[in-house]
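Structure first, commentary second.
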Amino acid sequence: MTGEFEHWHGFPRGANEVRPADHDDRAAARTLARTTPTPADLVIFYDSIGDLTWADVGNGYFLDPAGDLLLRLQEDGVVDVGADPKARVLVMGSNVGGWPTLWA
């Protein structure tokens, strides 16, 4: 995915990282599962993956740790994404192009 990065951008790619989950990440994932309607697949994901930084893939992609999701949920709650009151999401990351990566 990054083989042509330097050709297209004019500088070498940086580090792209998938950080394995640690004890705190797994505990946060269990808390998400207990306290929110978190999809089971997301809990399973956070049981293995702590966070993800692919700064040099496309525009760049970032998935936040489960602990950050819990904090954001406590501070901001879920956000509305349209006129439908059931269309609410929790932002769990983004790409550098400004598009949030959403969990519905």
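The values are calculated or read from the model by the stated rules, or taken from the named source; none is laboratory data. Quantities reported herein were computed from a predicted structural model and do not represent experimental measurements. Neighbour counts are summed over all protein chains in view; Cβ atoms, including those assigned to glycine, are modelled from backbone coordinates with ideal geometry. Accessible surface areas use protein heavy atoms only, side chains included; no ligands, DNA or RNA. Shrake-Rupley method; radii C 1.70, N 1.55, O 1.52, S 1.80 Å.
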Checklist line | Matching residues, the range 27-55, being under 10 Å from Ala66 (Cβ atoms), free of Cβ contacts under 8 Å to residues at least 40 places away in the same chain and not hydrophobic (A, V, I, L, M, F, W, C) | finding: Arg30, Thr31, Tyr46, Asp47, Gly50, Asp51
Item checked: Out of Pro65, Pro20, sole residue that is surrounded by 15 or more Cβ atoms within 10 Å (Cβ to Cβ), modelled with pLDDT of 80 or more and not charged (D, E, K, R) -> Pro65
Next item on the list: Output the residues belonging to the range 25-40 that are of a type in the set (A, V, I, L, M) and open to solvent by less than 20 Å² (accessible area, probe 1.4 Å).
Entry: Ala28, Ala29, Leu32
Item checked: Lone qualifier among Val81, Val91, Val43, Val57 - being out of contact with any Phe, Trp or Tyr (no Cβ under 6 Å at 6 or more places or on another chain), open to solvent by less than 50 Å² (accessible area, probe 1.4 Å) and at pLDDT below 65 -> Val91
Checklist line | Listing of helices (runs of 4 or more DSSP H) fully contained in the range 1-67 that carry 1 or more residues being more than 16 Å from the chain's Cα centre (by Cα) and of a type outside the set (A, V, I, L, M, F, W, C) | finding: 5-9, 23-35
